[in-house]
Ligand code: ATP
């Protein structure tokens, strides 16, 4: 039987408890065998932003998922010298050794789906993976016209009121972020004085 593997891309600056909850919920609901987190190197949609160091973002992801045996972190996107276009990431995994025995499920939040039409070769993404969308607001969202209904799976789950932007702002304002990030991630943020 082919394995079912989730791919979860993001800037993860920082990874937060929302990301972890999304992965847990999707892992359970879709009965995935595992989920690979993919921190992006140069995110095409956030080129104007100053991101935290690649290795620190990777460290935070690894710390957040350390106790989850079915979650792992890949540095594939981090090590690319060009923007992390999802189509290239999906092609890479599809043609990798893992791709011979696994089908892929690309995980994204509702806000990402709403921007999907602007992604490079958006209509081709579904050749390599099914797209899994986690809701981010109560607004209804539609399947983009370039995807077939079978290409998109909508997760039925609670809205998670958390974002990396909010956490960065809270740190800058000296507020307690412990309810929004795993404890080990909070320690890394403090150790490296991130977002100050
Ligand atoms: P930022 O606030 O810096 O834009 P973010 O919280 O959206 O960051 P990302 O690392 O950009 O975090 O997100 C990676 C993926 O996780 C994206 O597809 C995003 O839509 C999704 N995501 C992040 N937080 C949530 C959330 N609270 N609910 C649903 N999806 C989310």
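For first residues located in the stretch 40-51 and within 14 Å of residue 115 (Cα to Cα), partners that are modelled with pLDDT of 85 or more and surrounded by 14 or more Cβ atoms within 10 Å (Cβ to Cβ) and lie 6+ apart or on another chain with Cβ distances below 8 Å form the pairs 43/11; 43/51; 43/83; 44/83; 44/85; 44/119; 46/11. Specify the residue that is farthest from the ligand (Cβ to nearest atom); the eligible residues are those in the stretch 49-74 that are in contact with a strand residue (DSSP E or B) (Cβ under 8 Å, 6 or more places away or on another chain) and farther than 22 Å from residue 191 by Cα. Top of the filtered list is 70.
Restricting attention to the stretch 128-149 and to residues that are in contact (Cβ under 8 Å) with a residue 12 or more places away in the chain and away from the ligand (no atom under 13 Å from the Cβ), the residue that is farthest from residue 21 (Cα to Cα) turns out to be 146.
Counting only residues that are within 15 Å of the ligand (Cβ to nearest atom), within 18 Å of residue 58 (Cβ to Cβ) and out of contact with any helix residue (DSSP H, G or I) (no Cβ under 9 Å at 6 or more places or on another chain), the stretch 158-189 holds 1 of them. For the stretch 1-18, the candidate set comprises residues that are within 9 Å of the ligand (Cβ to nearest atom) and under 21 Å from residue 102 (Cα atoms); within that set, the residue that is surrounded by the fewest Cβ atoms within 10 Å (Cβ to Cβ) is 9. Of all residues in the stretch 7-30, none are within 25 Å of residue 135 (Cα to Cα), without any contact (Cβ under 8 Å) to a residue 40 or more places away in the chain and in a loop (DSSP other than H, G, I, E, B). The listed residues are 46, 21, and the only one of them that is within 15 Å of the ligand (Cβ to nearest atom) and at pLDDT below 95 turns out to be 46.
The values are calculated or read from the model by the stated rules, or taken from the named source; none is laboratory data. In this text the structure is predicted, and so the values were computed from the model without any measurement. A quick note on method: Cβ atoms are made from the backbone with ideal geometry, for glycine too, and the neighbour counts reach across all protein chains shown.
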